[in-house]
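To keep things clear, I will list the structure first and then write my remarks on it.
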Amino acid sequence: MGVEERRQQLIGVALELFSRRSPDDVSIDEIASAAGISRPLVYHYFPGKLSLYEAALQRASDDLAARFVEPHEGPLGTRLLRVMRRYFDFVDEHGPGFSALMRGGPAVGSSTTNALVDSVRQAAYVQILSHLGVTDPPARLELVVRSWISLAESTALIWLDGRRIPREELEPQLVNDFAALAAVSAAYDEEMAELLRGALKDEPADGPFAHLVGRLMALAS
């Protein structure tokens with residue numbers, strides 16, 4: 001097996017182990033055993049667990065960022081719902097590793113870890129703006145989109161702690177959260193109101209945004 005092929009194998013093995021348990025609880029010996037090689041050979045490719053963890057995070061962050069990529073077809077609410085489903089697929093598959101990355105792990109606070117987390121957030125931010133057809137976002141829109149991304153992260157972390165709410169309910173809830181954040185901002189700013197009207201003009205009567213409006217009207221009656 002070539003050097004790069006072996007490195008990629010080790011990254012894959014480590015990512016699988018880190019996805020099942022917190023990286024703090026995974027040893028180099030376990031990684032070596034799962035890869036079918038000796039402990040010294042692991043150190044031949046990576047100087048330590050931290051560097052292997054960071055390599056695994058790079059692969060995971062690339063995967064997570066890719067899940068925000070969505071064709072610009074159909075109503076915005078439906079697109080966001082598909083994104084949230086893929087996002088929670090990732091969280092479900094990589095629970096402990098996702099939690100360790102966001103809450104702290106062996107590389108917490110390192111420039112590499114922080115950069116990877118920020119790269120995922122930025123990828124999500126760019127994708128949402130592209131679906132809104134905006135290249136130079138006003139300050140209020142940037143606040144809405146970045147706040148929503150942070151909300152999705154915190155919701156996923158809370159969900160992992162016991163999974164007390166079905167994810168099938170959380171995914172559309174987060175889509176509605178985006179609409180709610182945008183609507184509150186639009187109520188105070190005409191530019192945001194115009195953006196929101198444009199984003200919602202093609203929403204169907206049975207879409208997630210229309211469903212939210214119906215529920216709110218029922219509560220107000």
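The values are calculated or read from the model by the stated rules, or taken from the named source; none is laboratory data. Note that the structure is a prediction, hence the values are computed from the model and not measured. With ideal geometry, Cβ positions are generated from the backbone for all residues, glycine too; neighbour counts draw on all protein chains shown. To get the accessible areas, we keep the full protein, side chains included, count just its heavy atoms, and leave off ligands, DNA and RNA. Shrake-Rupley method; radii C 1.70, N 1.55, O 1.52, S 1.80 Å.
Side notes on the structure shown:
- Among the criteria (1) in contact (Cβ under 8 Å) with a residue 12 or more places away in the chain; (2) not in a helix (DSSP H, G or I), the one ARG163 does not fulfil is (1).
- Any hit, the stretch 55-67, residues being over 20 Å from the mean Cα position of the chain (by Cα) and assigned to a helix (DSSP H, G or I): no
- Checking LEU64 against (1) open to solvent by less than 70 Å² (accessible area, probe 1.4 Å); (2) over 28 Å from TYR125 (Cα atoms); (3) touching a helix residue (DSSP H, G or I) at 6+ places or on another chain (Cβ under 6 Å), the condition it does not meet: (2)
- Set PRO47, PRO75: member being more than 14 Å from the chain's Cα centre (by Cα), under 26 Å from LEU181 (Cα atoms) and at pLDDT 90 or above: PRO75
- Evaluation of VAL117 against (1) part of a helix (DSSP H, G or I); (2) modelled with pLDDT of 90 or more; (3) touching a helix residue (DSSP H, G or I) at 6+ places or on another chain (Cβ under 9 Å) (one fails), failing number: (2)
- In the condition set (1) free of Cβ contacts under 8 Å to residues at least 60 places away in the same chain; (2) part of a helix (DSSP H, G or I); (3) surrounded by 13 or more Cβ atoms within 10 Å (Cβ to Cβ), SER150 is compliant with all but (3).
- Listed conditions (1) at pLDDT 95 or above; (2) under 20 Å from LYS201 (Cα atoms) are all met by THR135, apart from (1).
- Lone unmet requirement of (1) farther than 23 Å from ASP177 by Cβ; (2) surrounded by 14 or more Cβ atoms within 10 Å (Cβ to Cβ); (3) small (Gly, Ala, Ser); (4) modelled with pLDDT of 90 or more for ALA55: (4)
- Of all the residues in the stretch 15-43, those that are modelled with pLDDT under 90 and either assigned to a helix (DSSP H, G or I) or open to solvent by less than 60 Å² (accessible area, probe 1.4 Å) (or both) number 11.
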